[in-house]
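Reading through the structure tokens given below for one structure.
The values are calculated or read from the model by the stated rules, or taken from the named source; none is laboratory data. All figures in this text were calculated on a predicted structure; none of them were measured in a lab. Reconstructed Cβ throughout: ideal geometry from the backbone, glycine too, with neighbour counts over all protein chains shown.
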Amino acid sequence: MVTLFEQDCRSMNRQSSKGNQLKWSNDGFWYKADYAGYEGLAEYLISNLLISSSLSRHEYTIYETDKIQYRFQTYNGCKSQDFLPKGWQLITLERLFSLKTGKSLNAIIYSIKDVEERIRFTAEQTEKLTELPDFGKYLAKMLTIDAFFLNEDRHTHNIAVLLDDTGKYHYCPFFDHGAGLLSDTTMDYPLQADLALLLGNVHSKTFCPDFDEQLDAAENLYGRQLTFSFDRKDVLRLLDQEPYYPQEIKHRLENILYGQIRKYEYLFR
């Protein structure tokens, strides 16, 4: 358990349709408290399963679950190492486009009718603004992660690039998976509800409401950019060694991931 104080609190604005989430920075780590369900467990499980993928280690952030003591309450949540070197900034794509063009990227995206063209526009314009090559491949990897793990809250406020202290841009590690795996048990995906029914109600927010449509569009444009190599035993191992969350939630995650492994068999090496 970690005890955090008001001076550690950095932001309560989650930049999400889900509302606000307590967030702290302390001693080189970022901490996030669960807000609507089991976000911390989703962050932990997704990021640790990415170890068994074709991504390089520098391409994603690892989260671990933790108990967070703040004021008079104890929260489940997660922590991750701060990946920003001193003097660097994290710039979301929404902020990047606003600063460089004076326009909202999200508004521009949804003024374009075709999903492939929305993705192509985002990739090409980001490359022009940052001089980062192959941003379309980066988006294809991200959309694969989000489709497989059902991250329903990926939007232009949590897709980001890094700006160093010389003014050069760099790729940002993949982060913020807490809205994945039906983690919102408070509003949208209660534990008592039928899982098959809930799965039919999960929608993406990045380029269209359908995970598979936007993943197909990205693969048509940039090819398959990500594969997985974990199996059911890896899922069970990670859940078994996690100390804080109840078995009822872990059992639901097992069932979700087993179904996703079957559905996306083509992504497994």
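Here ASP66 meets the list (1) at pLDDT below 95; (2) more than 16 Å from the chain's Cα centre (by Cα) almost entirely, failing just condition (1).
For every residue, the table says whether it meets (1) within 25 Å of TYR31 (Cα to Cα); (2) surrounded by fewer than 17 Cβ atoms within 10 Å (Cβ to Cβ).
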position	(1), (2)
GLY178	yes, no
LEU181	yes, no
ASP212	no, yes
GLN225	no, no
PHE230	no, no
ASN255	no, yes
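The helices (runs of 4 or more DSSP H) found entirely in the range 187-269 that carry 1 or more residues being of a type in the set (Val, Ile, Thr) are 232-240, 247-263. Against the conditions (1) surrounded by 19 or more Cβ atoms within 10 Å (Cβ to Cβ); (2) not in a helix (DSSP H, G or I), SER25 satisfies every one except (1).
Inside the range 159-203, residues that are over 16 Å from the mean Cα position of the chain (by Cα) and at positive phi make up a count of 1.
If you take the residues in the range 126-158 that are over 12 Å from the mean Cα position of the chain (by Cα) and basic (Lys, Arg), which one is farthest from GLU254 (Cα to Cα)? Across the range 126-158, the extreme among qualifying residues is LYS128.
Filtering the range 118-127 for residues that are at positive phi and at pLDDT 95 or above leaves an empty set.
Across the range 232-253, which residue is surrounded by the fewest Cβ atoms within 10 Å (Cβ to Cβ) among those that are more than 21 Å from THR185 (Cβ to Cβ) and touching a residue at least 24 places away in the same chain (Cβ under 8 Å)? The extreme case among them is ARG232. Before we move on, is GLN225 modelled with pLDDT of 95 or more and either touching a strand residue (DSSP E or B) at 6+ places or on another chain (Cβ under 6 Å) or over 30 Å from THR92 (Cα atoms) (or both)? No: the conditions fail for GLN225. Of all residues assigned to the range 174-196, none qualifies as being out of contact with any Ser or Thr (no Cβ under 7 Å at 6 or more places or on another chain), of a type in the set (Val, Ile, Thr), within 25 Å of SER56 (Cβ to Cβ) and in the same structural domain as LYS137 (by TED's automatic domain parsing). Of the residues examined, GLY200 is not one that is exposed (fewer than 15 other Cβ atoms within 10 Å of the Cβ) and over 24 Å from GLY40 (Cα atoms).
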